[in-house]
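Written out below as structure tokens is the structure these notes cover.
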Amino acid sequence: MSIKIEPRQEALTSKDIAAIRKQFPLLHTKCNGKRLVYLDNAATTQKPQCVIDALNTYYCEQNANIHRGIHRLSEAATEMYEAARKKMRRFLSADLACEIVFTRGTTEAINLVAQTYGRRNVGEGDEILISTLEHHSNIVPWQMLCEEKGAKLVVAPISDDGELLMDEFEKRLSKKTKLVAITHVSNALGSVNPIKKIIDMAHDAGARVLVDGAQSVSHMPVNVQALGCDFYACSGHKMFAPTGIGVLYGRASLLEAMPPWQGGGDMILSVTFEKTIYNGLPAKFEAGTPHIAGAIGLGAAIDYLNGIGMDRIAVYEHELLLHGTGVLDAIGGLRMLGRARDKAGVLSFVMDCAHPHDIGQILDSEGVAIRAGHHCAQPLLKRLGLPASARASLAFYNTKEELDALGEALKKVKEVFG
């Protein structure tokens, strides 16, 4: 199912958004008898009908295992699976399709790098540099690796506004730094890191760079070649694709030198009891039957996003962010978190009168879905002196009217707890 968008302009029009919203079935449901306002997109995005249809078509008409079959269904499934890889290569502007490795998500992609590149290249006394903004998935794998190897995890601090302190980041780069693992966009604050500058600084220091792109790929164009990163990890379910599918981009030269992570079928060329010869890229890192339907759904989601235009999405979501910031700033007793100068669609806040969990429950009763808690970023929340926060997160199918509804629901919180 395709979507009709008005001729390209700087931003999406209200007519465009109305057409887009018709493509997402769940947006037209009710929550507690109220019209659903879905503002939990940093956790997962809703799926357009074209993605749902792609999954149904595969399971109803094309279901088969891939790569090894010579029958028609297997060949068709293989073609669609590999077509999705090529679509992702173009979406990220990678050089080669073999540089796209399918994983279960960002978390698995980061762990893959930690357990392959990391184990081979990080040793005792070496350092891995991250930031205070990181999601647990870009902290814990490196802690585990450092503990195993006797290496040190170094953390670059942030300002009170949620911006990475670049002078402090540079001070922490040294000849000991083997890897920089950094988020592109903070899931808890929406801060957008100056990722190109970070990558250049890290390379000048002799370090490789992994970028956690879970929160960036659905909000802005990403060009891994222009960025110059060595690895880039992202998740399908945060870019309107199914859950359980993700991507690791890696430079071919690095991936070729890395050992396999898991052993099994499809990642081998030959197996005897005496010796195994591993497959080439990217099969070497895709052991066993993959999430075929998920990859096909990811391909459909990429087609959908390309049909709208990531540049237009970025402009429209910035408008939403400015409007939502104004709505929240007008509510007394509410404190916004994260005032970075470069920011994506996240509105995190706390209120004097209520715990974030209570805020979330009251908003749910009003049909407004947000997230409350530590957002898998406990060190970041600790830096801000908080155990938890409330977070509304945006997607291009959201509207200014929905953000106004968020504001009205927050007034209900004040009525109940104020």
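Looking at V101, V113, which is the one that is of a type outside the set (S, T, Y), touching a residue at least 40 places away in the same chain (Cβ under 8 Å) and in contact with a helix residue (DSSP H, G or I) (Cβ under 6 Å, 6 or more places away or on another chain)? Break it down stepwise before answering.
Numbers: V113 fails: in contact with a helix residue (DSSP H, G or I) (Cβ under 6 Å, 6 or more places away or on another chain).
Answer to the selection: V101.
Looking at the stretch 52-84 only, could you name the residues that are among the hydrophobic types (A, V, I, L, M, F, W, C) and more than 30 Å from G280 (Cα to Cα)?
First pass over the stretch 52-84, keeping only residues among the hydrophobic types (A, V, I, L, M, F, W, C): 52, 54-55, 60, 64, 66, 70, 73, 76-77, 80, 83-84.
Selection gives I52, C60.
From the list A114, A109, A97, pick out the single residue that is surrounded by fewer than 19 Cβ atoms within 10 Å (Cβ to Cβ), within 24 Å of G228 (Cβ to Cβ) and either modelled with pLDDT of 95 or more or outside the structural domain of L210 (by TED's automatic domain parsing) (or both).
Only one candidate passes the filter, namely A97.
Would you mind listing the helices (runs of 4 or more DSSP H) fully within the stretch 1-101 where at least 2 residues are aromatic (F, W, Y) and out of contact with any Gly (no Cβ under 6 Å at 6 or more places or on another chain)? Walk me through it before giving the result.
Details: elements: 14-21, 49-57, 72-92.
Counting at least 2 such residues, we get 72-92.
What are the residues in the stretch 176-214 that are touching a His at 6+ places or on another chain (Cβ under 8 Å) and in a strand (DSSP E or B), if any?
Correct list: T183, V185, V192, V209, V211, D212.
May I ask you to say which residue of E147, E170 is in contact with a helix residue (DSSP H, G or I) (Cβ under 7 Å, 6 or more places away or on another chain), under 21 Å from E127 (Cα atoms) and among the acidic types (D, E)? First the steps, then the outcome.
Details: E147 fails: in contact with a helix residue (DSSP H, G or I) (Cβ under 7 Å, 6 or more places away or on another chain).
Residue meeting the stated conditions: E170.
Enumerate the strands (runs of 3 or more DSSP E) found wholly within the stretch 340-418, keeping only those where 1 or more residues are at pLDDT 95 or above and surrounded by fewer than 23 Cβ atoms within 10 Å (Cβ to Cβ).
Values: elements: 346-351, 371-373, 389-393.
Answer list for the stretch 340-418: 346-351, 371-373.
Can you pull out the residues in the stretch 258-282 that are of a type outside the set (D, E, K, R) and without any contact (Cβ under 8 Å) to a residue 24 or more places away in the chain?
M267, I268, L269, S270, V271, T272, F273, T276, I277, Y278, N279 - these are the residues of the stretch 258-282 that are of a type outside the set (D, E, K, R) and without any contact (Cβ under 8 Å) to a residue 24 or more places away in the chain.
For the stretch 240-266, enumerate the residues that are assigned to a loop (DSSP other than H, G, I, E, B), closer than 21 Å to L92 by Cβ and of a type in the set (S, T, N, Q).
Matches in the stretch 240-266: T243 only.
Filter the stretch 330-339 down to residues that are surrounded by 14 or more Cβ atoms within 10 Å (Cβ to Cβ) and not β-branched (V, I, T) and give me whichever is farthest from E163 (Cα to Cα).
Across the stretch 330-339, the extreme among qualifying residues is G333.
Among the residues that make up the stretch 215-231, is at least one of them within 26 Å of K382 (Cβ to Cβ) and assigned to a strand (DSSP E or B)?
Taking every residue of the stretch 215-231 in turn, none turns out to be within 26 Å of K382 (Cβ to Cβ) and assigned to a strand (DSSP E or B).
The values are calculated or read from the model by the stated rules, or taken from the named source; none is laboratory data. Computed from a predicted model, the values in this text were never measured in an experiment. All Cβ positions, glycine included, derive from the backbone under ideal geometry; neighbour counts span all protein chains shown.
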